[in-house]
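Nothing in this text is a laboratory measurement; each read-out follows from the coordinates by a stated rule. Remember, predicted model here, so these are calculated numbers, not experimental data. Here Cβ is always computed from backbone atoms with ideal geometry, including for glycine, and neighbour counts include all displayed protein chains.
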Ligand SMILES: *Cc1c(COP(=O)(O)O)cnc(C)c1O
């Protein structure tokens, strides 16, 4: 199958602007006769290798929530990754890949006494924190553990900011880690998360500045940490915004800012500093696709009198495409390659929830006019947060089955 070449024309349908689809994904998509989410394990491995090629000194702790599929986790674990987990259940799943608990950390600042004790029982010894209350609980239920303190970031520039709920100011981080030391814990590190699908270099620059400031303040108190955790937030490359325009995040520039920032922090630190990253979406988003099908293409007049096409699909916000409130996915209608035959439409999922839709009158999605009920549709760059955000039977709709595929040896 030859992938359509990207072109500059503004009026071309979205599917024609596609990046090339990988051979394992296109083969499985073409062969699938029922809905499913498909992961290309070879693509994920290449993505992991590419990231380590760009940032050779980092330890990757894959944010498990971005793709909690055993086969995907095992393939990352086999390549040397560990896991950023948010609950004892995620830890248990990470341990099933065969990695030791030394390659797993408890990255959630929100945890009960019971969660902490359970993590300790599973052998996990490194915990994220951002408050004195949490540190005190860790000291009680996971004595002598290593803790790293999460610093707040603005979340600006990201599609999902992750601010407000997590992290503390530099002076509070010093207090939290001093409390940890006094309670018999090891004040081991600092962390940030710049927000998911972070689109700007400035956000990283600011986070690195905050880390440098805090590192210096800690050294002034005689607290010497051994690592900095740069969190997640690295972008996927294949998304479009709500209006169907490719997002095109400046990945190369972001990586350059990271390299420079790590050098700066190393030079500042009183002792050797290791770097951890917790990529989630960056490793899996572009290597997963959803095979869905058309329920129906309709045309009807809205309350304001406007005449609109609606394309109803078998998948939407509650079964595989949770993130359509912030972005759109490229779609391929394999039975309808004719570019001239398309209409502007609003795309919606199958549920009785009106949030389960994207596109609007001003920014419709272009879809082939001749699609009929049952036609397959391929939804691309849908590998991140697809299965973890699927509801269990909302409106009777079952979660999509998950299939993992590989490229033929030597194909790439
Ligand atoms: C979700 C999460 C990540 C992964 O974020 P991405 O934007 O998918 O890379 C990393 N670290 C923590 C603590 C998270 O909660």
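Seen from all sides and averaged, what is the projected area of the convex hull of the Cα atoms in region 162-266, in nm²?
Taking the Cα atoms of region 162-266, their convex hull projects to 7.5 nm² on average.
In degrees, nearest 10, range 0 to 90: what is the angle between the Cα axis of helix 251-268 and the longest Cα principal axis of the chain?
The two axes meet at around 0 degrees.
Run the paramagnetic zone check for residue 154: 7 angstrom along Cα to Cβ, then residues of region 202-219 with backbone nitrogen under 18 Å.
Backbone N within reach: 202-214.
Find the centroid of the Cα atoms in region 223-277 and in region 325-396, then give the distance between the two in whole Å.
First find each Cα centre; the distance between them is then 32 Å.
Between the helical axis of 132-141 and the dominant principal axis of the chain, each derived from Cα atoms, what acute angle in degrees is found, rounded to the nearest 10?
That works out to roughly 80 degrees.
What's the extension gain from residue 255 to residue 360 if we count 0.36 nm per residue and subtract their Cα-Cα distance?
Contour length minus Cα-Cα distance gives 34.3 nm.
Express the relative contact order of the chain as a whole percentage, based on alpha carbon pairs under 8 Å and six or more residues apart in sequence.
19 percent
Distance from the Cα centre of region 48-99 to that of region 134-170, in angstrom?
First find each Cα centre; the distance between them is then 20 Å.
Using the alpha-carbon atoms, what tilt in degrees (0 to 90, nearest 10) does helix 170-182 show relative to the longest principal axis of the chain?
Tilt of helix 170-182: around 50 degrees.
Over region 320-366, what portion of Cα pair distances is larger than 12 Å, expressed as a whole percent?
Across region 320-366, Cα pairs with separations above 12 Å total 69 percent.
Given a Förster distance of 45 Å, report the FRET efficiency between residue 144 and residue 264 from their Cβ-Cβ distance, rounded to the nearest 0.05.
With R0 = 45 Å, the Cβ-Cβ based efficiency is 0.90.
Please figure out what share of the DSSP beta bridges in the chain is antiparallel and state it in percent, rounded to the nearest 5.
So the antiparallel bridges in the chain amount to around 45 percent.
Provide the gained length on full extension for the span residue 307 to residue 341, in nm with one decimal, where the gain is 0.36 nm per separating residue minus the Cα-Cα distance.
Between residue 307 and residue 341, full extension yields an extra 10.4 nm.
At a Förster radius of 35 Å, what calculated FRET efficiency corresponds to the Cβ-Cβ distance of residue 217 and residue 112, to the nearest 0.05?
0.70
Just subtract the alpha-carbon distance of residue 30 and residue 89 from 0.36 nm times their residue separation and send over the number in nm, one decimal.
Full extension of this stretch gives 17.7 nm more.
Given points 7 Å out from each Cα along the Cα-Cβ axis, report the residue 406 to residue 171 separation in nanometres with one decimal.
Result: 5.6 nm between the two label points.
Please give, to one decimal in nm, the separation of the simple spin-label points placed at residue 132 and residue 373, each 7 Å out from Cα toward the Cβ.
Distance between label points: 6.4 nm.
How big is the Cα convex hull of region 276-324 in projection, averaged over all directions, in nm²?
5.4 nm²
Please list, short to long, the whole-number percent of alpha-carbon pairs of the chain in consecutive 10 angstrom bins beginning at zero.
Reading upward from the zero bin: 5, 22, 29, 23, 14, 7, 1.
Between residue 298 and residue 237, take the C-beta separation as r, use R0 = 41 Å, and let me know the FRET efficiency to the nearest 0.05.
0.80
Would you mind checking the radius of gyration and Dmax of region 30-88 based on alpha-carbon positions, in Å?
Answer for region 30-88, Rg first and Dmax second: 13.3, 43 Å.
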